[in-house]
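Each value in this text was obtained by applying a stated rule to the coordinates, not by laboratory testing. On a predicted model such as this, the values are computed, not experimentally measured, just so you know. All Cβ positions, even for glycine, are placed from backbone atoms using ideal geometry, and neighbour counts span all protein chains on display.
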Amino acid sequence: MRFHFNKISGQQTLISSWMRNEDPRPGNFSFGIDRSEGRTSFYIWNQNSVYYRFDDSKKGYTLGITWYISIVTINENVYITLAYYRSLLRVVLNPLGYLQVMVWNRNGSNEWNVEFQAPQAKCELYAHCGPFGSCGIRSSGLCRCLTGFEPRFSTDWANGKWNGGCARKIALGWDGGDRFLKHENMKLPDHAISLGNMSTRECETQCIRNCSCSAYACSINACFIWLGDLLDLGNVITDGRALYVRVHFSELIAHGLSGNSAQRYKILTAKIVSAIFAILLLVSILAFIFKIKRLKRPGKMDGDLALVSSVPSGSLVGKDDMKLLQYSLQNIRDATNNFHEDNKLGKGGFGPVFKGILTEFREVAIKRLSRRSSQGLEEFMNELKLIAHLQHKNLVSLLGCCVEGEEKILIYEYMPNCSLDKFLFDPTLKVKLDWVTRFGIIEGIAQGMLYLHKYSRLKVIHRDLKASNILLDQEMIPKISDFGMARIFGIDQTQANTKRVVGTYGYMSPEYVVYGQFSEKSDVFSFGVLLLEILTGERNSDFYKTEISVSLLGWAYNKWKEGRVLELIDPSIRETYDCNKATRSILVALLCVQELPTDRPTMSDIAGMLSNESLAIPEPKEPAFRSSWRHQKLKDFSINEIDI
């Protein structure tokens, strides 16, 4: 049996499933080849989404003891041949999405016997264990978090809902102190980027220099790195590869090292302790001088907020018209039952979020900054100052704070429906997002962003607008959250530059990723991606259109060019959607994701086009990142350091 793939045109031979065993019409599943990352990989697709990815750790693809897969490249064509010694071989993709390799038993029952089947466990389905979650493919068949990580949603994880994935126990320091934990016999994650031939030490150096690099692996002197979340991991017990995952250096100490590695970290620890001692000495001297000066100016309050070490429950702290309730740590412990796991709502980039009960507000969400997060303190103070100034029905409300010793805690209004992504990308929950609800969410997010850009007393660039940062209240009204990455602009300021790019892969604009330039139009790009996700029900970072190798943005643009734009709408709402509003919304989204910032509309334009059906909408130009992420070269990702 032979498969064919053309590297230039992208055309290939596919195996398609039947609709049902007794119905030979084409079904939802297909099996084929993908070579867009420079190596041959096999996938099963469920319509437009990756359903299962075969482990490409085994370059020979020798399976069993008498049958094998050979890969041959001739000019621009790749040929895959399956063969079985002294017998017939048959490959079937059944209606349930299982790929079965069968051989004919001539000597016994004269029937087809299943020699191999994939997937073999539920957690093997593509990204089923979520970010940084690994499937025990050959052992338990259950998901587990990588060492140094813990479930993002502990309750869901305990109930077998693993797609929320895992989050770091200790946030990365980004200060040169991060190191790598070795995981043996792994099915390597998806989205690998090849850096060419180099040694393991050189590969580690390349990864540690890039703030967005989460892991690396080497094979026959070839270096691969991964940016951002690690998806579709598995432990195969045998014949897998070594994966080196980036962690805070304290995780290495916690799990033990030996030999040269231990010696290197002992030296590193000694250097860090010496540096900390010197810094503490300097800080103590400066604090003493500062205290003397403050004693000379009694009653003077510095900055926007007075942050004291401990105050009674419900004390007001602030300046002018900005008032916040500040609580003692004991009040917060009482409210969360001492941060009990049962009250844990999830885990963000800089710490966990708990549900709590406070007398003044009843149910609240309590965000606890990770104590060891060196990056998180800046974001915590930034979020505290920013949100205290912002008041809008589509922005999450900051109710209070706690700053005591090493604890830094923010208290928000409680959102019973959690975040938008939990509904939007879950096949069983997305049915609750009917057309009216989705369009209301779209309009609410647009109004919230318009307020940030134009009508608030501070012009704010969010920089991390995405589905997981849109919270939903009891009435499914959207609230924009997580302002830790946001930046304040001057009234006449239109653009800023940074060497520390922050955000989420799939939502960041090209000028921000490549040059570190951010502006209102960066947020507009993110809004356009989010708008397409809401309308299609597809996640941009996971999307891959098999036959044409395009991203979600490219697929939407192609459908618009073909005059088939309404085929983009999520099938779950096709019976209820408003045809005119849906068409206008898709065009607005395509305007937002155009490559040049000057071509994108402002949030004011967007709000007008969504609410006023008489306003003309210009034709969109080709979007950025039109090709699938699988076709992006390394230079497309970063020339600055990136935090994702």
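As an exercise, use a Förster radius of 35 Å and the Cβ-Cβ distance of GLU622 and THR205 to find the FRET efficiency, rounded to the nearest 0.05.
Values: r = 37 Å, r/R0 = 1.06.
Taking R0 as 35 Å, the efficiency between GLU622 and THR205 is 0.40.
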What are the ³J(HN,Hα) couplings of the stretch 24-32, residue after residue, when phi is run through the Karplus curve with 6.51, -1.76, 1.60 and θ = phi - 60°? Round to Hz, x for glycine and proline. x, 4, x, x, 8, 9, 9, 10, x
What distance in nm separates the two pseudo spin-label positions at GLN474 and ASP342, each 7 Å out from Cα along the beta-carbon direction? 2.3 nm
Translational D in µm²/s for the stretch 381-475 (Stokes-Einstein at 10 °C, 1.306 mPa s, Kirkwood Rh from C-alpha pairs): 107 µm²/s
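What's the extension gain from LYS581 to ASN21 if we count 0.36 nm per residue and subtract their Cα-Cα distance?
Values: separation 560, 0.36 × 560 = 201.60 nm, distance 3.96 nm.
Once the chain is fully extended between LYS581 and ASN21, it gains 197.6 nm.
Using Cβ contacts closer than 10 Å as the measure, can you line up ASP570, ASP578 from fewest to most? Let's see the in-between values first.
Numbers: ASP570 20, ASP578 14.
Ordered from fewest to most neighbouring Cβ atoms within 10 Å, ASP570, ASP578 come out as ASP578, ASP570.
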If you average the alpha carbon positions of the stretch 199-224 and of the stretch 386-425, how far apart do those two centres end up, in angstrom? 37 Å
